[in-house]
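Report on one structure; see the data block that follows.
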Amino acid sequence: MSKKPVVLVTRKLPEAVEDRLRRDYDARLNPDDRLYTSDEVIERASGADAILPCHTERFSAQVIERLPDSVRAIANFSVGFDHVDLEAAKARGLVVTNTPDVLSDATAELTMLLILGAARRASEGERLVRSREWRDWSPSFMVGTQVTGKRLGIIGLGRVGQVTARRARCFEMTIHYHDVRRLPPEHEAGALFHETVEDLLPHCEFLAIHCVATPETHHLLNAERIALLPDGAIVVNAARGSIVDDEALIAALKSGKLTAAGLDAYNDEPNIHPGYRELPNTFLMPHIGSATRETRDAMGFRALDNLDAIFAGREPRDRVV
Ligand code: DGY
(Lines give C-alpha, C1' and ligand atoms only; values in the text may rest on other atoms or scores of the structure.)
Protein backbone atom coordinates (compact mmCIF):
# COMPACT_ATOMS: atom_id res chain seq x y z
CA MET A 1 0.00 0.00 0.00
CA SER A 2 1.45 3.40 -0.92
CA LYS A 3 2.13 5.90 1.83
CA LYS A 4 -0.56 8.52 2.42
CA PRO A 5 0.53 12.11 1.78
CA VAL A 6 1.28 14.05 4.96
CA VAL A 7 -0.89 17.16 5.40
CA LEU A 8 -0.35 19.79 8.07
CA VAL A 9 -3.72 21.25 9.08
CA THR A 10 -3.21 24.50 10.94
CA ARG A 11 -6.64 24.97 12.58
CA LYS A 12 -9.43 22.79 13.97
CA LEU A 13 -11.73 21.91 11.06
CA PRO A 14 -15.31 20.57 11.06
CA GLU A 15 -15.68 16.95 12.23
CA ALA A 16 -16.67 15.56 8.83
CA VAL A 17 -13.74 17.29 7.16
CA GLU A 18 -11.28 15.94 9.72
CA ASP A 19 -12.79 12.44 9.30
CA ARG A 20 -12.07 12.59 5.57
CA LEU A 21 -8.60 13.99 6.25
CA ARG A 22 -7.82 11.09 8.61
CA ARG A 23 -9.19 8.59 6.09
CA ASP A 24 -7.25 9.82 3.06
CA TYR A 25 -4.16 11.48 4.47
CA ASP A 26 -1.58 11.25 7.18
CA ALA A 27 -3.11 14.33 8.79
CA ARG A 28 -1.37 16.45 11.40
CA LEU A 29 -4.39 18.03 13.06
CA ASN A 30 -4.68 20.84 15.60
CA PRO A 31 -7.38 19.57 18.02
CA ASP A 32 -6.86 22.51 20.40
CA ASP A 33 -7.19 25.02 17.57
CA ARG A 34 -4.14 26.88 18.80
CA LEU A 35 -2.98 29.73 16.56
CA TYR A 36 0.50 28.70 15.39
CA THR A 37 3.27 31.20 14.89
CA SER A 38 5.05 31.19 11.53
CA ASP A 39 7.97 29.38 13.17
CA GLU A 40 5.61 26.68 14.44
CA VAL A 41 4.03 26.26 11.01
CA ILE A 42 7.48 25.83 9.47
CA GLU A 43 8.53 23.39 12.21
CA ARG A 44 5.34 21.32 12.04
CA ALA A 45 5.51 21.21 8.25
CA SER A 46 8.73 19.20 8.46
CA GLY A 47 8.25 16.19 6.17
CA ALA A 48 4.73 17.32 5.17
CA ASP A 49 3.65 17.14 1.53
CA ALA A 50 1.08 19.91 1.85
CA ILE A 51 -0.33 22.48 4.24
CA LEU A 52 -4.04 23.16 4.71
CA PRO A 53 -4.09 26.61 6.37
CA CYS A 54 -6.63 29.36 6.99
CA HIS A 55 -6.24 33.09 6.42
CA THR A 56 -4.97 33.27 10.03
CA GLU A 57 -1.56 31.97 8.97
CA ARG A 58 0.58 34.29 6.90
CA PHE A 59 2.80 32.90 4.17
CA SER A 60 5.11 35.82 3.45
CA ALA A 61 8.04 35.42 1.09
CA GLN A 62 10.26 34.81 4.13
CA VAL A 63 7.99 32.07 5.49
CA ILE A 64 7.67 30.41 2.09
CA GLU A 65 11.43 30.45 1.68
CA ARG A 66 11.82 28.62 5.01
CA LEU A 67 9.19 25.92 4.35
CA PRO A 68 10.61 22.40 4.20
CA ASP A 69 11.41 21.17 0.67
CA SER A 70 8.85 18.38 1.07
CA VAL A 71 5.92 20.87 0.91
CA ARG A 72 4.37 20.94 -2.56
CA ALA A 73 1.07 22.69 -1.97
CA ILE A 74 -0.86 25.18 0.16
CA ALA A 75 -4.55 24.26 -0.03
CA ASN A 76 -6.27 27.17 1.68
CA PHE A 77 -9.46 26.84 3.71
CA SER A 78 -10.56 30.28 2.47
CA VAL A 79 -11.60 32.05 -0.66
CA GLY A 80 -9.24 34.94 0.15
CA PHE A 81 -5.55 34.36 -0.49
CA ASP A 82 -4.10 37.71 0.46
CA HIS A 83 -2.29 35.95 3.34
CA VAL A 84 -0.09 34.12 0.81
CA ASP A 85 2.67 35.82 -1.17
CA LEU A 86 1.72 34.35 -4.53
CA GLU A 87 4.87 35.49 -6.31
CA ALA A 88 7.04 33.76 -3.73
CA ALA A 89 4.87 30.63 -3.90
CA LYS A 90 5.14 30.57 -7.68
CA ALA A 91 8.89 31.09 -7.59
CA ARG A 92 9.14 28.18 -5.16
CA GLY A 93 6.95 25.97 -7.40
CA LEU A 94 4.18 25.59 -4.81
CA VAL A 95 0.60 24.95 -5.88
CA VAL A 96 -1.79 27.30 -4.07
CA THR A 97 -5.58 26.76 -4.05
CA ASN A 98 -8.58 28.45 -2.43
CA THR A 99 -12.27 27.62 -1.79
CA PRO A 100 -14.48 29.88 -3.92
CA ASP A 101 -18.24 29.55 -4.59
CA VAL A 102 -19.13 27.53 -1.50
CA LEU A 103 -19.13 30.55 0.81
CA SER A 104 -20.92 33.04 -1.41
CA ASP A 105 -24.37 32.47 0.15
CA ALA A 106 -23.12 32.67 3.73
CA THR A 107 -21.04 35.79 3.09
CA ALA A 108 -23.88 37.49 1.25
CA GLU A 109 -26.21 36.66 4.17
CA LEU A 110 -23.74 38.26 6.52
CA THR A 111 -23.49 41.28 4.24
CA MET A 112 -27.27 41.69 4.45
CA LEU A 113 -26.96 41.43 8.22
CA LEU A 114 -24.37 44.22 8.16
CA ILE A 115 -26.60 46.37 5.96
CA LEU A 116 -29.63 45.83 8.16
CA GLY A 117 -27.70 45.98 11.43
CA ALA A 118 -26.00 49.24 10.52
CA ALA A 119 -29.14 50.83 9.06
CA ARG A 120 -31.43 49.84 11.92
CA ARG A 121 -28.93 50.54 14.71
CA ALA A 122 -28.85 46.94 15.87
CA SER A 123 -25.81 47.33 18.17
CA GLU A 124 -27.35 50.26 20.03
CA GLY A 125 -30.70 48.51 20.33
CA GLU A 126 -29.24 45.28 21.62
CA ARG A 127 -27.09 47.10 24.14
CA LEU A 128 -30.11 49.01 25.46
CA VAL A 129 -32.15 45.87 25.97
CA ARG A 130 -29.34 43.85 27.54
CA SER A 131 -28.26 46.63 29.89
CA ARG A 132 -31.86 47.28 31.02
CA GLU A 133 -31.48 50.90 29.89
CA TRP A 134 -34.47 50.62 27.54
CA ARG A 135 -37.11 52.86 29.13
CA ASP A 136 -40.08 53.25 26.80
CA TRP A 137 -41.32 53.57 23.23
CA SER A 138 -41.51 56.92 21.47
CA PRO A 139 -41.81 58.08 17.82
CA SER A 140 -38.30 59.51 18.02
CA PHE A 141 -36.70 56.52 19.73
CA MET A 142 -33.99 54.55 17.86
CA VAL A 143 -34.99 55.86 14.45
CA GLY A 144 -32.79 54.37 11.74
CA THR A 145 -32.49 54.29 7.98
CA GLN A 146 -34.89 52.31 5.79
CA VAL A 147 -33.18 49.81 3.51
CA THR A 148 -36.07 48.99 1.19
CA GLY A 149 -35.92 50.69 -2.19
CA LYS A 150 -32.51 52.30 -1.70
CA ARG A 151 -29.53 52.32 -4.05
CA LEU A 152 -26.82 49.78 -3.20
CA GLY A 153 -23.38 50.19 -4.75
CA ILE A 154 -21.16 47.12 -4.87
CA ILE A 155 -17.42 47.30 -5.41
CA GLY A 156 -16.53 43.92 -6.91
CA LEU A 157 -19.50 42.13 -8.47
CA GLY A 158 -17.85 38.71 -8.29
CA ARG A 159 -19.33 35.57 -6.80
CA VAL A 160 -20.20 37.04 -3.38
CA GLY A 161 -21.15 40.43 -4.84
CA GLN A 162 -23.63 38.83 -7.21
CA VAL A 163 -25.36 36.88 -4.44
CA THR A 164 -25.50 40.02 -2.29
CA ALA A 165 -27.11 41.82 -5.24
CA ARG A 166 -29.75 39.07 -5.52
CA ARG A 167 -30.55 39.21 -1.81
CA ALA A 168 -30.65 43.03 -1.89
CA ARG A 169 -33.13 42.97 -4.75
CA CYS A 170 -35.55 41.24 -2.37
CA PHE A 171 -35.42 44.56 -0.50
CA GLU A 172 -36.19 46.31 -3.77
CA MET A 173 -32.75 47.88 -3.82
CA THR A 174 -31.37 49.20 -7.11
CA ILE A 175 -27.91 47.78 -7.74
CA HIS A 176 -24.99 49.81 -9.05
CA TYR A 177 -21.51 48.34 -9.31
CA HIS A 178 -17.91 48.81 -10.25
CA ASP A 179 -15.60 46.00 -11.23
CA VAL A 180 -12.40 45.85 -13.22
CA ARG A 181 -14.52 45.08 -16.27
CA ARG A 182 -18.18 45.10 -17.14
CA LEU A 183 -19.90 41.76 -16.57
CA PRO A 184 -22.03 39.93 -19.16
CA PRO A 185 -25.75 40.76 -18.88
CA GLU A 186 -26.65 37.42 -17.23
CA HIS A 187 -24.27 38.22 -14.34
CA GLU A 188 -25.21 41.89 -14.17
CA ALA A 189 -28.90 40.98 -13.91
CA GLY A 190 -29.79 44.62 -14.41
CA ALA A 191 -27.09 46.09 -12.15
CA LEU A 192 -25.78 49.40 -13.46
CA PHE A 193 -22.08 49.41 -14.31
CA HIS A 194 -19.75 52.32 -13.49
CA GLU A 195 -16.33 52.52 -15.17
CA THR A 196 -14.57 53.82 -12.06
CA VAL A 197 -15.08 53.70 -8.30
CA GLU A 198 -15.32 57.49 -8.45
CA ASP A 199 -18.25 57.26 -10.87
CA LEU A 200 -19.98 54.69 -8.68
CA LEU A 201 -19.74 56.35 -5.27
CA PRO A 202 -22.14 59.32 -5.72
CA HIS A 203 -24.93 56.77 -6.43
CA CYS A 204 -24.44 54.72 -3.26
CA GLU A 205 -26.91 55.25 -0.45
CA PHE A 206 -25.41 51.95 0.72
CA LEU A 207 -21.97 50.73 -0.29
CA ALA A 208 -20.90 47.08 0.01
CA ILE A 209 -17.27 46.12 -0.50
CA HIS A 210 -16.74 42.73 -2.11
CA CYS A 211 -13.53 43.13 -4.09
CA VAL A 212 -10.34 41.14 -3.63
CA ALA A 213 -7.60 42.49 -1.36
CA THR A 214 -4.58 43.27 -3.52
CA PRO A 215 -1.95 46.02 -3.48
CA GLU A 216 -4.22 47.86 -5.97
CA THR A 217 -7.25 47.80 -3.63
CA HIS A 218 -5.28 48.67 -0.47
CA HIS A 219 -7.10 51.60 1.22
CA LEU A 220 -9.32 51.91 -1.83
CA LEU A 221 -11.96 53.47 0.40
CA ASN A 222 -10.04 56.52 1.60
CA ALA A 223 -11.03 60.05 2.65
CA GLU A 224 -11.19 61.37 -0.92
CA ARG A 225 -13.49 58.59 -2.05
CA ILE A 226 -15.68 58.71 1.07
CA ALA A 227 -16.25 62.39 0.27
CA LEU A 228 -17.85 61.27 -3.02
CA LEU A 229 -20.54 59.22 -1.25
CA PRO A 230 -23.91 60.91 -0.66
CA ASP A 231 -24.19 62.48 2.80
CA GLY A 232 -25.61 59.96 5.23
CA ALA A 233 -24.49 56.88 3.27
CA ILE A 234 -23.91 53.54 4.97
CA VAL A 235 -20.79 51.46 4.27
CA VAL A 236 -20.43 47.73 4.84
CA ASN A 237 -17.36 45.53 4.44
CA ALA A 238 -17.38 41.73 4.58
CA ALA A 239 -14.31 41.36 2.34
CA ARG A 240 -10.97 42.42 3.81
CA GLY A 241 -10.02 45.24 6.17
CA SER A 242 -7.08 46.40 4.09
CA ILE A 243 -9.48 47.78 1.46
CA VAL A 244 -10.58 50.47 3.94
CA ASP A 245 -8.55 53.31 5.43
CA ASP A 246 -9.70 53.04 9.06
CA GLU A 247 -8.82 56.62 10.01
CA ALA A 248 -10.85 57.98 7.08
CA LEU A 249 -13.87 55.77 7.80
CA ILE A 250 -13.86 56.59 11.50
CA ALA A 251 -13.57 60.33 10.79
CA ALA A 252 -16.55 60.14 8.42
CA LEU A 253 -18.62 58.20 10.97
CA LYS A 254 -17.76 60.76 13.64
CA SER A 255 -18.50 63.81 11.51
CA GLY A 256 -21.88 62.49 10.35
CA LYS A 257 -20.77 62.33 6.72
CA LEU A 258 -21.67 58.64 6.99
CA THR A 259 -24.68 57.47 8.98
CA ALA A 260 -23.24 54.11 9.94
CA ALA A 261 -20.91 51.26 9.03
CA GLY A 262 -21.28 47.49 9.27
CA LEU A 263 -18.00 45.64 9.41
CA ASP A 264 -16.94 42.00 9.44
CA ALA A 265 -13.39 42.49 8.19
CA TYR A 266 -10.69 44.72 9.64
CA ASN A 267 -7.08 45.72 9.39
CA ASP A 268 -4.96 43.82 11.91
CA GLU A 269 -7.63 41.40 13.15
CA PRO A 270 -8.47 40.84 15.96
CA ASN A 271 -6.73 44.00 17.21
CA ILE A 272 -9.05 46.32 15.36
CA HIS A 273 -8.79 50.10 15.37
CA PRO A 274 -10.18 51.11 18.82
CA GLY A 275 -12.14 53.94 17.20
CA TYR A 276 -14.67 51.46 15.82
CA ARG A 277 -15.58 50.19 19.30
CA GLU A 278 -16.13 53.68 20.65
CA LEU A 279 -18.62 54.74 17.99
CA PRO A 280 -22.35 54.09 18.50
CA ASN A 281 -22.98 53.94 14.74
CA THR A 282 -20.90 50.88 13.97
CA PHE A 283 -22.28 47.35 13.74
CA LEU A 284 -19.32 45.05 14.29
CA MET A 285 -18.98 41.34 13.62
CA PRO A 286 -15.85 39.22 14.24
CA HIS A 287 -15.02 38.02 10.69
CA ILE A 288 -17.78 35.40 10.51
CA GLY A 289 -18.91 35.84 6.90
CA SER A 290 -18.49 32.15 6.08
CA ALA A 291 -19.27 30.85 9.56
CA THR A 292 -22.23 28.54 9.00
CA ARG A 293 -22.07 24.79 9.57
CA GLU A 294 -22.99 24.09 5.96
CA THR A 295 -20.41 26.47 4.53
CA ARG A 296 -17.55 25.46 6.79
CA ASP A 297 -18.09 21.81 5.82
CA ALA A 298 -18.22 22.78 2.16
CA MET A 299 -15.03 24.86 2.45
CA GLY A 300 -13.20 21.91 4.01
CA PHE A 301 -14.42 19.48 1.35
CA ARG A 302 -13.47 21.90 -1.39
CA ALA A 303 -9.95 22.27 0.06
CA LEU A 304 -9.71 18.46 0.20
CA ASP A 305 -10.96 18.11 -3.40
CA ASN A 306 -8.10 20.38 -4.37
CA LEU A 307 -5.58 18.32 -2.40
CA ASP A 308 -6.96 15.07 -3.86
CA ALA A 309 -6.46 16.45 -7.37
CA ILE A 310 -2.92 17.60 -6.62
CA PHE A 311 -1.89 14.20 -5.24
CA ALA A 312 -3.62 12.36 -8.08
CA GLY A 313 -1.59 14.40 -10.57
CA ARG A 314 -4.68 16.30 -11.80
CA GLU A 315 -5.13 20.05 -12.11
CA PRO A 316 -6.88 21.27 -8.93
CA ARG A 317 -10.15 23.07 -9.63
CA ASP A 318 -9.28 26.14 -7.58
CA ARG A 319 -5.65 26.75 -8.39
CA VAL A 320 -4.63 30.36 -7.85
CA VAL A 321 -0.93 29.66 -8.50
C1 DGY B 1 -12.36 33.65 3.36
O2 DGY B 1 -12.65 32.51 2.99
O3 DGY B 1 -11.59 34.37 2.72
C4 DGY B 1 -12.92 34.10 4.65
O5 DGY B 1 -12.70 35.45 4.84
C6 DGY B 1 -12.33 33.31 5.79
O7 DGY B 1 -10.97 33.26 5.63
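Return the pairs, sorted by first residue and then second, in which the second residue is of a type in the set (S, T, N, Q) and more than 8 Å from the ligand (Cβ to nearest atom), the first residue lies in the range 76-101 and is farther than 16 Å from residue 316 by Cα, the beta carbons are less than 6 Å apart, and the residues are 6+ apart or on different chains. Sorted first by the residue in the range 76-101, then by its partner, the pairs are 85/60.
Has the range 200-220 got any residue that is among the β-branched types (Val, Ile, Thr), away from the ligand (no atom under 16 Å from the Cβ) and closer than 30 Å to residue 86 by Cβ?
No, the range 200-220 contains no residue that is among the β-branched types (Val, Ile, Thr), away from the ligand (no atom under 16 Å from the Cβ) and closer than 30 Å to residue 86 by Cβ.
Here is a check on your reading of the model: is residue 183 part of a loop (DSSP other than H, G, I, E, B) and buried (at least 19 other Cβ atoms within 10 Å of the Cβ)? In short, no. Taken as a whole, the range 123-132 holds at least one residue that is in the same structural domain as residue 264 (by TED's automatic domain parsing) and touching a strand residue (DSSP E or B) at 6+ places or on another chain (Cβ under 6 Å). Return yes when residue 113 is over 30 Å from residue 321 (Cβ atoms) and within 16 Å of the ligand (Cβ to nearest atom) and no when it is not. Criteria met by residue 113.
Considering 44, 11, 28, 20, which residue is charged (D, E, K, R), surrounded by 12 or more Cβ atoms within 10 Å (Cβ to Cβ) and in contact with an Asp or Glu (Cβ under 8 Å, 6 or more places away or on another chain)?
11
When you go through 69, 49 one by one, which is the residue that is outside the structural domain of residue 236 (by TED's automatic domain parsing), crowded, with 16+ Cβ neighbours inside 10 Å and not aliphatic (A, V, I, L, M)?
Result of the check over 69, 49: 49.
Cβ-Cβ contacts under 6 Å between residues 6 or more apart (or on different chains), taken from a first residue in the range 139-154 that is outside the structural domain of residue 189 (by TED's automatic domain parsing) to a second residue that is modelled with pLDDT under 95 and buried (at least 18 other Cβ atoms within 10 Å of the Cβ), are absent.
Considering 172, 133, 124, 188, which residue is on the phi < 0 side of the Ramachandran plot, loosely packed, with under 12 Cβ neighbours inside 10 Å and of a type outside the set (Phe, Trp, Tyr)?
When all the criteria are applied, what remains is 133.
If you filter the range 230-277 down to residues that are of a type outside the set (A, V, I, L, M), assigned to a helix (DSSP H, G or I) and within 16 Å of the ligand (Cβ to nearest atom), you find that the one that is farthest from residue 214 (Cα to Cα) is 241. Total residues in the range 278-310 satisfying the condition of being touching a strand residue (DSSP E or B) at 6+ places or on another chain (Cβ under 8 Å), away from the ligand (no atom under 16 Å from the Cβ) and either within 17 Å of residue 53 (Cα to Cα) or in a helix (DSSP H, G or I) (or both): the figure is 2. Filtered by the rule that a residue be assigned to a loop (DSSP other than H, G, I, E, B) and β-branched (Val, Ile, Thr), the range 186-229 gives 196, 212, 214.
The values are calculated or read from the model by the stated rules, or taken from the named source; none is laboratory data. If you're wondering where the values come from, they're calculated on a predicted model, not measured in any experiment. All Cβ positions, glycine included, derive from the backbone under ideal geometry; neighbour counts span all protein chains shown.
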